[in-house]
Amino acid sequence: MKIMVTGALGQLGTEIKRLAENSQHHFVFTDRDDLDITSYQAVEEGLRQGFDGIINCAAYTAVDKAETDKEKCYALNSQAVENLAKACHKHHLFLVHISTDYVFDGRQFLPYQESDDPNPLSVYGTSKLEGEERAFGAHDHVTIIRTSWLYSPYGSNFVKTIRRLLGEKPEIRVVFDQVGTPTAARTLANVIVNFLDVWKESKNTIYHYSNEGIASWYDFAVAIARFSGYSVPILPISTEEYPTPAKRPHYSVLDKRKIKASLGITIPHWQEALEETIREITQGV
């Protein structure tokens, strides 16, 4: 199959590119400088080479900045997704689109299933939910994979920020009352690349994928320090003590039973995946 990957310079796109080197499929990687997916005409022109499907890794992910940068956020997280879905419908392609745990409000304390009602708290979460809805409204061969707390050796993410702060500060403070699951981008990329035949046949389905286990951002930071060999004190603080422009769900653990049963996969625990990622970072990947 010939697959277009958008958002190729991001964390997930970069991990897919690494895996694509050993794949039997042919991947074409694009980013904003190559293809403006907020323009339907540009998407149409980009598909002239002929493709079987699109994996959309492009997203506006600056959660706090989105509160004031709404136009750009919705353009990339909603309108662009509809453009891709419409083009896929026209050319009979499948679409895999990556969404987020932030479509939920975090008011329940059981892992969120795909059938649970979304209720985003932020502009970012609302734009991602609208993207899901527009994709399903425009095409019938769409697979949406919601994930959470994504990180990798590449780009900007929580792991790299905490490691930097641990090297600069005598102590750091991290929120303890927001709970979810860290997800190594490599593990999600593996699922996406290894099951292209499933996505090709999938009809408007949502899956949840993160690594296994549960953590607060504080727990996540403590594990980052441990695997990185830092002994800097990390202090737990409440969300009220660290106000941000965007509201975040206090609980956004994703239920992964559907994707595990459908694909017959096991998923690594978040600490196992984190340790491997930090090993790559320290080795200068």
Surrounded by fewer than 18 Cβ atoms within 10 Å (Cβ to Cβ) and among the hydrophobic types (A, V, I, L, M, F, W, C): does that describe Ala261?
-> yes
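Got a sec? Which strands (runs of 3 or more DSSP E) wholly within the range 75-191 have at least 3 residues that are aliphatic (A, V, I, L, M) and within 22 Å of Gln11 (Cα to Cα)?
In the range 75-191, the matching strands (runs of 3 or more DSSP E) lie at 94-100, 142-147.
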Looking for whichever is of a type in the set (Val, Ile, Thr) and touching a residue at least 60 places away in the same chain (Cβ under 8 Å) here; the options are Thr30, Thr38, Thr61. Which one fits?
-> Thr61
Conditions (1) touching a Ser or Thr at 6+ places or on another chain (Cβ under 6 Å); (2) surrounded by fewer than 20 Cβ atoms within 10 Å (Cβ to Cβ): number failed by Asp36 = (1)
If we keep just the residues of the range 110-137 that are small (Gly, Ala, Ser) and out of contact with any strand residue (DSSP E or B) (no Cβ under 6 Å at 6 or more places or on another chain), which is surrounded by the fewest Cβ atoms within 10 Å (Cβ to Cβ)?
-> Ser115
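A quick yes/no check of all residues on (1) in contact with a Lys or Arg (Cβ under 9 Å, 6 or more places away or on another chain); (2) closer than 26 Å to Val179 by Cα; (3) in contact (Cβ under 8 Å) with a residue 60 or more places away in the chain:
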| site | (1), (2), (3) |
| --- | --- |
| Asn77 | yes, yes, no |
| Ala85 | yes, no, no |
| Cys88 | no, no, no |
| Asp101 | yes, yes, yes |
| Tyr112 | yes, yes, yes |
| Thr126 | no, yes, no |
| Gly131 | no, yes, no |
| Ala135 | no, no, no |
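I'd like to know if the range 45-60 contains one or more residues that are out of contact with any strand residue (DSSP E or B) (no Cβ under 8 Å at 6 or more places or on another chain), assigned to a helix (DSSP H, G or I) and farther than 28 Å from Arg186 by Cβ.
Among the residues of the range 45-60, at least one is out of contact with any strand residue (DSSP E or B) (no Cβ under 8 Å at 6 or more places or on another chain), assigned to a helix (DSSP H, G or I) and farther than 28 Å from Arg186 by Cβ, which makes the answer yes.
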Those residues of the range 196-232 which are assigned to a loop (DSSP other than H, G, I, E, B), closer than 19 Å to Leu12 by Cβ and over 17 Å from the mean Cα position of the chain (by Cα), in sequence order | Ser202
Those residues of the range 1-16 which are crowded, with 16+ Cβ neighbours inside 10 Å and either assigned to a strand (DSSP E or B) or out of contact with any helix residue (DSSP H, G or I) (no Cβ under 7 Å at 6 or more places or on another chain) (or both), in sequence order = Ile3, Met4, Val5, Thr6, Leu9, Gly10, Gly13, Thr14
If you check Arg107, Arg48, which single one turns out to be touching a residue at least 60 places away in the same chain (Cβ under 8 Å) and surrounded by fewer than 18 Cβ atoms within 10 Å (Cβ to Cβ)?
-> Arg107
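Listed here are the residues, each with its yes/no results for (1) within 15 Å of the chain's Cα centre (by Cα); (2) within 14 Å of Phe136 (Cα to Cα); (3) modelled with pLDDT under 95; (4) surrounded by 22 or more Cβ atoms within 10 Å (Cβ to Cβ).
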site: Cys57; (1), (2), (3), (4): yes, no, no, yes
site: Glu67; (1), (2), (3), (4): no, no, no, no
site: Lys70; (1), (2), (3), (4): no, no, no, no
site: Ala80; (1), (2), (3), (4): no, yes, no, yes
site: Cys88; (1), (2), (3), (4): no, yes, no, yes
site: Val96; (1), (2), (3), (4): yes, yes, no, yes
site: Thr100; (1), (2), (3), (4): yes, no, no, yes
Could you tell me whether any residue of the range 159-179 is surrounded by fewer than 22 Cβ atoms within 10 Å (Cβ to Cβ), under 25 Å from Gly106 (Cα atoms) and within 14 Å of the chain's Cα centre (by Cα)?
-> no
Would a scan of the range 210-226 turn up a residue that is at pLDDT 95 or above, buried (at least 17 other Cβ atoms within 10 Å of the Cβ) and closer than 30 Å to Gly137 by Cβ?
-> yes
With respect to the numbered conditions (1) touching a residue at least 40 places away in the same chain (Cβ under 8 Å); (2) acidic (Asp, Glu); (3) in contact with a Phe, Trp or Tyr (Cβ under 9 Å, 6 or more places away or on another chain), which one is the sole condition not fulfilled by Asp69?
-> (1)
When (1) out of contact with any helix residue (DSSP H, G or I) (no Cβ under 8 Å at 6 or more places or on another chain); (2) modelled with pLDDT of 95 or more; (3) under 23 Å from Glu168 (Cα atoms); (4) small (Gly, Ala, Ser) are applied to Gly264, the one that fails is (3)
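The values are calculated or read from the model by the stated rules, or taken from the named source; none is laboratory data. Values in this document were obtained by computation on a predicted structure and should not be read as measured data. Don't worry about glycine lacking a Cβ; one is built from the backbone with ideal geometry, like all the others, and counts go over all protein chains shown.
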